[in-house]
Amino acid sequence: MTMPNPHAALFDLNRIESFADRDSPIHRIDPRAKLIVTMLFIVSVVSYGKYEVSALLPFVLYPVVTTALSGVPAGPILTRLVWAAPFAFFMGIFNPVFDRTTVTHIGTLAISGGWVSFVSILIRFSLTVSAALLLIATTGFMTVCDALGRMGLPRAFVTQLMVLFRYLFVLAEEAGRMTRARNLRTFQKRGQGIRVFSFMIGHLLLRTIDRATRIHLAMCCRGFNGMFARVQDLRFRSVDAAFIAGWSALFLLFRSVDIPRWIGRFVETAGR
Amino acid sequence: MHMADALISPAVGAGMWAVTASIAAYSARNVTRHVEDSRVPLMGVLGAFVFAAQMINFSIPATGSSGHLGGGMLLAILLGPQAAFLVIASILVVQALFFADGGLLALGCNIFNMGFFPAFIGYPWIYKTMAGDGSNATKRFWAILVAAVVSLQLGAFAVVLETTASGISELPFGTFVLLMQPIHLAIGIVEGIATAAVVAIVWKARPEIVVGTSTADLRPTGNLKPVLVGLGVAAVLTAGVVSWFASSHPDGLEWSIAGVTGKEELEAPETGVHGVFSHIQRWTAFMPDYNFKPEAEAAPAANKEKAEEATWPAIEPGTSLAGIIGSIITLMVALGIGYVLRIWSRKTT
Amino acid sequence: MSHHLVIAQNLCYVYPDGTRALDGIHFRITHGESVAVIGGNGAGKSTLLMHLNGCLVSVSGSVRVGDFPITTKTLPHVRETVGMVFQDPDDQLFMPTVEDDVAFGPINLGLPPEEVSARVDEALRTVGALHLKRRPPYRLSGGEKRAIAIATVLAMSPSILVMDEPTSNLDPLARRQLIALLKRFDHTLIIATHDLDMALDVCKRTLILKNGKLVADGPTEELLRNRSLLEDCRLEMPLRLQGCPVCGSGKED
């Protein structure tokens, strides 16, 4: 459960989530519909064999169209992808090491199965990650949680997930202040060891528990009964159904017809 | 040790979702029934705390590297198994949605690997058995250490099994096991020591926080039945889904092919990775059970590859050029559509 | 209107670790009064406030709000009557958006949706934050958060407002705006604070606590001019009453 670079990651998180405050046709789609389409998209993408490259490419249409229609800038999404890319790179780079059988040639260059599956992993990675990020950027984390709750996830789970997200930034700031305070008074490795660490974490934990008590009191003062009721009721409109149906049909088409290969063959025969 | 969407097959992803969902449903029911409402805000805030705590590092003597708290075992000790499982699940949901750590499909795997073992194995069966009510500091220290190590070992092994079953990555099973388990032994020790140190401080300052959960017997003995039934149903479901996929994707079940999950809390030194690997390779070559392909004996491996090629007619020399041309055109068309849509949506709003 | 009375009788509270936080507190606050509760750190201000809507229950003695003593049975009623604004607005704003947060109380009161949304708008308009309605609370400034925290309480239309350090961590403009807002309220106001200038502006009456005991209860202006009493309680005269430090004019003694 660890994050590679928590500070940068939290900053990006806040930035990407803030796009959800905007308004666009995509933003107005019911969060449940977006959640379902995102899941269908990811399942479709990962359902290919490991040597598949070209057939995956038409799926780019989903993130591209979503970005275009929602007005979410592509920059931060791509930045986040690049941040996470070393992770995918590291995971995939073993394939060329272990799978060296030549499977195809480009001109005179022999391409091994490992490189093909490596490229495939990178494409899958970019597609699945950007779909998840776009879900957040066009919907907002809290609304995704709400949608999950309405789709049958236990309320207790959804409520504490919302509380978690709400206090993520508050506590991260506290941790950041503590780290800064320690760094200002430690030199080389002295004072950076586990003893000081455990005091810091222990202290942060005690303060956090006190805060939780105060939050619970604040909730009780306003009649908390174990549930978070939200004001805006979601309404599933026909547009939302069409959104799901349209994308599902496209994903199914992409999944059953290798469109790039088909186009390529067409171009080749036309060229001859 | 996050698994990623890009590395798992839908069968494994769906199966583990089913397993995780049944444990989560059981836990949520248990939390709302048995624990007063105050636990729900506490759970959420502690989840945020784990994120914050992970931002604080400490240096590990004599290694030059630094470690931090994972949090799973600490949550189990503070909240008990069911609530801790839900909090760990929430942390992973946030990570999957934002940090590209794991992914939505891999979420089921990740929650199981990192949540089930500390919450339902390490805490109730190891920590509680060894530490009792936890009042003896030495006993408590060792109990936490062993529980953390065992939980992480089991989790790491589950990662290996899941990636192997998915068959997207090429790392051989034996190599993968030998890579994952020692790394997670080290991570487990760091996690155990850090958790024990934090628990000791909380115990001293505010004993009532930890004692509350320690004295109550939260071991899910009487309630174990629904868990087992849920797991059974989920497992049957998984088997069904997997076999259904296996029939349509014969090589989706290549148990000989494994993947690696990625950068770890304790990074193996980047240099010399290949040296380490060739060493591990040589070692595992003596383990006949694992379908390992030593490079020196390329012949049988090549045969196998041919068999694979046969199932993937797409990759044939003549057609690759068409594929590349088609791919470029597809990408250009997709980007073109995006460009037109963006201009159009700017005009309409 | 007797149901707006707040009466404390021989209120005592001891924390689990043995700290005696409140020791025999007596007071009676009538409808529409604005009362400042002042005292040094650890004097018991927050603990006292926590008793006024049943967040803490006294060891001995009692608090009466209106006609009821605070008990588990009357708690829902008391919490509807007494609105509590916490010191750290982050503790109070836990919902996804400002609107949800302000609506939290009214929804839990079981009000119909139209009434809920009317109350949300009215409360937000009162604190001048209607434009923040759809924003998530974690992206607001300190002053905005404080205003919303007050709105969450106002939306339940309490007759008594209890506030813990409402002006802490505010920039001078936000503080000034808050003071103007508080002066407009016709609620009974009970404010714990270190901001003695604000107390002078907003509250007619002041209670001074020291080590859990009530050492003074009287008109704010009178108490805040009593230098020896204030210094004895780890307080000092409000800057406004101290005279100009540059020219020395306006000094009282």
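The values are calculated or read from the model by the stated rules, or taken from the named source; none is laboratory data. Small disclaimer: the values here were computed from a predicted structure and weren't measured. No Cβ is skipped: glycine too gets one built from the backbone with ideal geometry, and neighbour counts run over all protein chains shown.
Summary of values
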{"read-out": "Matching residues in the stretch B:303-349 - criterion: being β-branched (Val, Ile, Thr) and at pLDDT 50 or above", "value": "B:THR319, B:ILE324, B:ILE325, B:ILE328, B:ILE329, B:THR330, B:VAL333, B:ILE337, B:VAL340, B:ILE343, B:THR348, B:THR349"}
{"read-out": "Subset tally (residues that are more than 11 Å from chain A (Cβ to nearest Cβ) and in contact (Cβ under 8 Å) with a residue 24 or more places away in the chain) for the stretch C:120-135", "value": "8"}
{"read-out": "From the options B:ALA96, B:ALA119, B:ALA100, residue that is at pLDDT below 85, part of a helix (DSSP H, G or I), within 30 Å of A:MET142 (Cα to Cα) and within 13 Å of another protein chain (Cβ to nearest Cβ)", "value": "B:ALA96"}
{"read-out": "Qualifying positions in the stretch C:66-100 - within 29 Å of C:GLU33 (Cβ to Cβ), more than 9 Å from chain A (Cβ to nearest Cβ) and buried (at least 19 other Cβ atoms within 10 Å of the Cβ)", "value": "C:GLY66, C:ILE70, C:VAL78, C:THR81, C:VAL85, C:PRO89"}
{"read-out": "Number of the condition not met by A:ARG207 [criteria: (1) more than 7 Å from every other protein chain (Cβ to nearest Cβ); (2) more than 31 Å from the chain's Cα centre (by Cα)]", "value": "(2)"}
{"read-out": "B:GLY174 being surrounded by fewer than 24 Cβ atoms within 10 Å (Cβ to Cβ), modelled with pLDDT of 85 or more and in contact with a Phe, Trp or Tyr (Cβ under 6 Å, 6 or more places away or on another chain)", "value": "yes"}
{"read-out": "Flag for B:VAL190 being within 18 Å of A:PHE90 (Cβ to Cβ) and touching a strand residue (DSSP E or B) at 6+ places or on another chain (Cβ under 9 Å)", "value": "no"}
{"read-out": "Conditions (1) hydrophobic (A, V, I, L, M, F, W, C); (2) surrounded by fewer than 17 Cβ atoms within 10 Å (Cβ to Cβ); (3) under 30 Å from A:PRO25 (Cβ atoms); (4) within 7 Å of chain B (Cβ to nearest Cβ); number of the one not met by A:ILE106", "value": "(3)"}
{"read-out": "Residue that is nearest to C:VAL102 (Cα to Cα), among those in the stretch C:136-169 that are within 12 Å of another protein chain (Cβ to nearest Cβ) and charged (D, E, K, R)", "value": "C:LYS145"}
{"read-out": "Single residue of A:GLY149, A:GLY176, A:GLY140 found to be more than 8 Å from chain B (Cβ to nearest Cβ), more than 30 Å from C:GLY54 (Cα to Cα) and in contact (Cβ under 8 Å) with a residue 40 or more places away in the chain", "value": "A:GLY140"}
{"read-out": "The stretch A:132-158, residues that are of a type in the set (S, T, N, Q) and under 19 Å from B:GLN95 (Cβ atoms)", "value": "A:THR139, A:THR143"}
{"read-out": "Close pairs (6 angstrom Cβ cut-off, 6 or more residues apart or separate chains): part of a loop (DSSP other than H, G, I, E, B) in the stretch B:40-63, hydrophobic (A, V, I, L, M, F, W, C) and at pLDDT 85 or above anywhere", "value": "B:MET55/A:ALA175; B:ILE56/A:ALA175; B:ILE56/A:MET200"}
{"read-out": "Index of the failed condition, A:ILE111 passing every other in (1) surrounded by fewer than 16 Cβ atoms within 10 Å (Cβ to Cβ); (2) touching a helix residue (DSSP H, G or I) at 6+ places or on another chain (Cβ under 8 Å); (3) outside any helix (DSSP H, G or I)", "value": "(1)"}
{"read-out": "Helices (runs of 4 or more DSSP H) completely within the stretch A:6-100 that count 2 or more residues being farther than 26 Å from B:PRO10 by Cβ, without any contact (Cβ under 8 Å) to a residue 40 or more places away in the chain and more than 9 Å from chain B (Cβ to nearest Cβ)", "value": "A:6-18, A:74-92"}
{"read-out": "Residue ranges of helices (runs of 4 or more DSSP H) in the stretch C:135-217 with at least 2 members within 12 Å of the chain's Cα centre (by Cα)", "value": "C:142-154, C:196-202"}
{"read-out": "Residues being of a type in the set (S, T, N, Q), closer than 19 Å to B:GLU191 by Cβ and in a loop (DSSP other than H, G, I, E, B) - total across the stretch A:183-219", "value": "1"}
{"read-out": "Qualifying positions in the stretch C:16-65 - crowded, with 16+ Cβ neighbours inside 10 Å and on the phi > 0 side of the Ramachandran plot", "value": "C:GLY39, C:GLY44, C:GLY54, C:GLY61"}
{"read-out": "Unique residue being under 20 Å from B:ALA28 (Cβ atoms) and in a helix (DSSP H, G or I) when the list is A:PHE165, A:PHE118, A:PHE125", "value": "A:PHE165"}
{"read-out": "Checking C:GLU114 against (1) out of contact with any helix residue (DSSP H, G or I) (no Cβ under 9 Å at 6 or more places or on another chain); (2) assigned to a loop (DSSP other than H, G, I, E, B), the condition it does not meet", "value": "(2)"}
